[in-house]
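Below: the structure, in structure tokens.
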Amino acid sequence: MGVSSMDISINKVEKSRLSEVDFADIQFGKIYSDHMLIAYYENGAWLKPEIVPFHNLSLSPATTFIHYGQAIFEGIKAYKDADGNPLIFRPRDNWKRMNTSAHRMAMPDVPEDIFIEGMRQLINLDRDWIPSSPDTALYIRPFMFATDEFIGVKPAEKFTFMIITSPAGPYYSKPVSIYVQDKYVRAFPGGIGFTKAAGNYGMSMLPTMEIRKMGYDQILWTDGFEHKYVQEIGTMNVFFVIGNKVITPDIKHDTILAGVTRDSVITLLRDKGIIVEERTLGIDEIETAYHNGQLKEAFGTGTAASIAPIAALTYHDTKMELPPVETWETANWLKKELGDIRYGRTKDTKGWTLAV
Ligand code: COI
């Protein structure tokens with residue numbers, strides 16, 4: 001099946017809910033566009049996908065993913081250019097990553113035409129749901145889960161793939177306060193840290209609740225052996241500007257998500273001639289840089305969060321407060337550069353945007 005030739009059945013809503021939405025006050029993840037895509041996998045093959053009105057699912061209580069967590073997801077955004085045309089940012093990279101997650105979780109690959117062409121048709125249909133004020137976008141959430149009805153533990157044979165979308169403002173409205181975690185562990189080599197498996201987020205709820213009570217927004221995870229090397233933040237990858245270099249943990253140990261925004265940031269920085277080091281980064285090195293006045297900026301990157309400045313990083317008794325964000329050169333430049341590509345304000349020389 002060619003990517004653009006796929007036949008998708010479309011069942012439109014009788015009445016759009018669009019007029020009920022207050023686009024002046026959109027919070028992340030709370031409202032859903034009129035339609036969703038759904039595709040079923042059974043007997044070793046994907047059935048024809050359907051675009052249908054957004055609705056609740058009906059599932060057997062014995063559906064396996066509810067019990068055993070064979071479930072994965074992705075996050076993508078569609079932006080509106082100045083003429084109101086939708087542009088989806090790097091969806092093929094998310095498609096590839098979804099299948100990396102699928103492989104590790106013993107789930108079938110989602111074919112490119114279901115993922116990309118299905119998404120394109122869904123966004124085309126719900127294009128009026130893409131908000132247009134600054135820093136807003138339509139958040140696209142593809143996901144897949146195992147749907148065998150069985151209480152025993154075994155890799156499932158039936159799966160459902162879906163895409164829902166949600167108009168979204170910024171995930172974080174102000175610089176975030178981070179707590180460096182050395183009690184719990186997110187990921188070990190050989191585990192599932194590099195996937196977008198639901199369990200990676202499920203296991204983070206208790207540690208996140210605990211640090212929220214202490215007044216922090218998010219966790220910076222450290223390695224599971226020594227709790228010494230930084231990995232990623234609960235909702236995003238992490239970058240530090242130390243001296244004249246930008247440093248981010250490398251992803252070669254299967255413990256860190258290969259973020260699409262992470263890759264975009266590294267590419268843009270290197271294109272500009274800025275040194276980016278992807279390597280093991282110890283919290284002691286960050287602390288030393290802070291005390292020497294060399295820790296200039298720290299920020300998270302992700303689809304939902306975009307470029308999220310870090311206000312302060314707390315490790316044990318040391319609170320490392322970063323300079324005011326207005327003075328940061330790197331993150332502010334990246335935010336503008338990335339925004340210009342995403343919103344079609346500049347020519348996309350990298351083939352990152354997919355016009356709908
Ligand atoms: C994204 O950035 O798209 C994510 O999936 C992170 C999620 C925790 C909101």
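The values are calculated or read from the model by the stated rules, or taken from the named source; none is laboratory data. Owing to the predicted nature of the structure, the values given are computational and were not obtained by experimental measurement. Neighbour counts run over all protein chains shown; Cβ positions are idealised from the backbone, glycine included. Each accessible area value is taken on the protein alone, full model and side chains, heavy atoms only, with ligands, DNA and RNA left out. Shrake-Rupley method; radii C 1.70, N 1.55, O 1.52, S 1.80 Å.
Each of K319 and H67 was given a label point 7 Å from its Cα along the Cα-to-Cβ line. The distance between the two points is 4.8 nm. 3J(HN,Hα) along segment 270-287: 5, 4, 7, x, 7, 6, 10, 10, 9, 6, 5, 10, x, 5, 5, 5, 5, 4 Hz, from the Karplus curve 6.51 cos²θ - 1.76 cosθ + 1.60 with θ = phi - 60°, whole Hz, x for Gly and Pro. To the nearest ten degrees, helix 91-104 and the longest principal axis of the Cα atoms of the chain are 90 degrees apart. With both labels modelled 7 Å from their Cα along Cα-to-Cβ, the A311 to K228 distance reads 3.3 nm. Straightening the chain between S173 and F188 buys 2.3 nm, computed as 0.36 nm per residue apart minus the Cα-Cα spacing. Within a straight-line Cα-Cα reach of under 16 Å, K183 can be paired with the following lysines, leaving aside sequence neighbours fewer than 8 residues apart in one chain: K213, K228.
Normalising by the residue count of segment 176-342, find the relative contact order in percent from Cα pairs under 8 Å and 6+ residues apart. Present the calculation step by step, with values, prior to reporting the outcome.
On the way: 304 pairs, mean separation 40.7, N = 167.
Reported relative contact order: 24 percent.
Cross-link partners for K252 among the aspartates and glutamates, with Cα-Cα distance under 15 Å and sequence neighbours closer than 8 places in the same chain left out: D223, E232, D263, E277, E278.
Keeping every protein chain present and rolling a 1.4 Å probe, give me the accessible area per residue for the chain in Å².
On the way: 16120 Å² over 356 residues.
Roughly 45 Å² per residue, with all protein chains present.
Only helical DSSP H runs with n ≥ 4 go in: add -39500 (n - 2.57) per run for the chain, normalise by residue count and round the 222 nm mean residue ellipticity to 500 deg cm²/dmol.
Values: 8 runs with 75 residues, N = 356.
Helix-only estimate at 222 nm: -6000 deg cm²/dmol.
Using a 1.4 Å probe on the protein heavy atoms, what percent of the accessible area of segment 181-259 belongs to carbon and sulfur? Its accessible area is 59 percent carbon and sulfur atoms. Springs join every pair of Cα atoms under 10 Å in this Gaussian network model of the chain, and among K80, K158, K245 the largest mean-square fluctuation is at K245. For the set F240, F188, the ranking by accessible area, highest first and with no ligand, DNA or RNA atoms included, is F188, F240 under a 1.4 Å probe.
Overall, the accessible surface of segment 9-169 at a probe of 1.4 angstrom is composed of carbon and sulfur to the extent of 51 percent. Put +1 on the Cβ of every Lys and Arg and -1 on every Asp and Glu Cβ in the chain; which of L87, G190, P323 then has its Cα farthest towards the positive end of the dipole? With unit charges placed on the Cβ atoms, the residue in question is L87. Compared with the dominant Cα axis of the chain, that is its longest principal axis, helix 330-342 is turned about 20°. Residue separation of A355 and Q27 scaled by 0.36 nm, minus their Cα-Cα distance, works out to 115.5 nm of gained length. Counting GluC sites (Glu not before Pro) as exposed when in a DSSP loop with at most 13 other beta carbons within 10 Å, what is the longest stretch of the chain free of them? By the stated rule (loop sites, at most 13 other Cβ atoms within 10 Å), 15-225.
Most tightly packed first, judged by the mean number of other beta-carbon atoms within 10 Å of their residues, the peptides 343-356, 246-259 read 246-259, 343-356. Distance between the 7 Å Cα→Cβ label points at I151 and N56: 2.4 nm. If each residue of separation counts as 0.36 nm, what is the full-extension length gain between K272 and S132 once their alpha-carbon separation is subtracted? The K272-S132 span can extend by a further 47.5 nm.
Relative contact order for the chain: what percent, with Cα pairs under 8 Å and sequence separation of 6 or more? Could the numbers behind the result be given before it?
Values: 729 pairs, mean separation 66.1, N = 356.
Computed value for the chain: 19 percent relative contact order.
The relative contact order of segment 86-210 comes to 24 percent, based on Cα pairs under 8 Å that sit 6 or more residues apart.
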